[in-house]
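Student: Before I ask anything, here is the structure I am working with.
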Amino acid sequence: MATRHRVFISFYHKDDERYRVKFERDFGHLFIAKSVQDGAIASENSDQYIKRLIREGYLEDASVVIVLVGPKTKCRKHVDWEISAGLNKKVGGYSGLLGILLPTFALTTDGKYRGDDIPRRLDANVDSGYAKLYTWSSLTKDDGRVLSAIQGAFDRRASHSDKIVNAAIPQRERDSCD
């Protein structure tokens with residue numbers, strides 16, 4: 001069996017929790033799942049303290065960050081912070097990055113996505129070639145596809161680290177879309 005990578009799953013708790021649960025239930029035997037559970041970090045804490053908790057408690061040893069992308073994921077500051085921490089070499093080295101467009105995500109009539117509809121930092125890294133983006137239906141058909149996507153993201157940490165786009169994008173300061 002291939003190496004079981006530590007995978008941090010980033011998502012918008014309010015809308016996308018059921019997909020995180022399903023993804024971990026169906027494919028969790030392929031990786032060691034990490035994610036911030038709803039209510040695990042009190043929202044009344046300062047932004048700096050929350051960022052530190054995310055970095056040190058969840059992302060420091062994650063080798064891959066998977067972003068579950070629903071219709072409002074692009075608007076969530078915690079998702080942006082999680083992607084940013086995963087792409088920060090100082091936080092345990094770079095994490096691989098991949099996104100999964102959920103069934104609730106609206107594709108264009110020709111089956112594509114608009115970059116403005118996904119988190120900005122994820123979009124920039126897909127454009128640069130560091131990250132890959134998949135649809136839920138194309139990726140979750142079998143273990144082999146999921147394992148290949150995770151391994152590919154892990155491998156790009158070394159082979160494509162020069163393509164990481166992180167520091168040039170300011171971190172999101174607040175949520176929107178609600």
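Student: What are the pairs, 6+ residues apart or on separate chains, where a residue within region 149-178 that is closer than 19 Å to Trp81 by Cβ has its Cβ under 6 Å from a residue that is loosely packed, with under 14 Cβ neighbours inside 10 Å?
Tutor: These pairs meet every condition: Val165/Ser128.
Student: Based on this model, can you work out whether Leu122 counts as under 14 Å from the mean Cα position of the chain (by Cα) and surrounded by 19 or more Cβ atoms within 10 Å (Cβ to Cβ)?
Tutor: For Leu122, the condition - under 14 Å from the mean Cα position of the chain (by Cα) and surrounded by 19 or more Cβ atoms within 10 Å (Cβ to Cβ) - is met.
Student: When you go through Asp117, Asp155 one by one, which is the residue that is surrounded by 14 or more Cβ atoms within 10 Å (Cβ to Cβ) and either over 29 Å from Ser46 (Cβ atoms) or in contact with a His (Cβ under 6 Å, 6 or more places away or on another chain) (or both)?
Tutor: Testing whether each residue is surrounded by 14 or more Cβ atoms within 10 Å (Cβ to Cβ) and either over 29 Å from Ser46 (Cβ atoms) or in contact with a His (Cβ under 6 Å, 6 or more places away or on another chain) (or both) leaves just Asp117.
Student: Being among the basic types (Lys, Arg) and under 23 Å from Arg4 (Cβ atoms) narrows it down to one of Arg120, Arg55, so name that one.
Tutor: Matching residue, one of Arg120, Arg55: Arg55.
Student: Oh, and also: If you go through region 125-147 one residue at a time, how many are closer than 13 Å to Leu97 by Cα and surrounded by fewer than 18 Cβ atoms within 10 Å (Cβ to Cβ)?
Tutor: Of the residues in region 125-147, 5 are closer than 13 Å to Leu97 by Cα and surrounded by fewer than 18 Cβ atoms within 10 Å (Cβ to Cβ).
Student: Select from region 70-99 the residues that are within 17 Å of Trp136 (Cβ to Cβ) and basic (Lys, Arg) and list them in ascending order.
Tutor: Lys72, Lys74
Student: Could you give me the residue pairs with C-beta distances under 7 Å whose first residue belongs to region 116-129 and is closer than 13 Å to Cys75 by Cα, whose second residue is in a loop (DSSP other than H, G, I, E, B) wherever it lies, and which are 6+ apart or on separate chains?
Tutor: Arg120/Ile169; Arg121/Asn166; Arg121/Ile169; Leu122/Ala131
Student: I'm trying to understand the selection: among the residues of region 51-80, which are modelled with pLDDT of 90 or more, in a helix (DSSP H, G or I), of a type in the set (A, V, I, L, M, F, W, C) and buried (at least 18 other Cβ atoms within 10 Å of the Cβ)?
Tutor: Val79
The values are calculated or read from the model by the stated rules, or taken from the named source; none is laboratory data. Here the structure is a predicted model, which means the values were calculated and not measured. Here the Cβ is made from the backbone with ideal geometry for all residues, glycine too, and neighbour counts use every protein chain on show.
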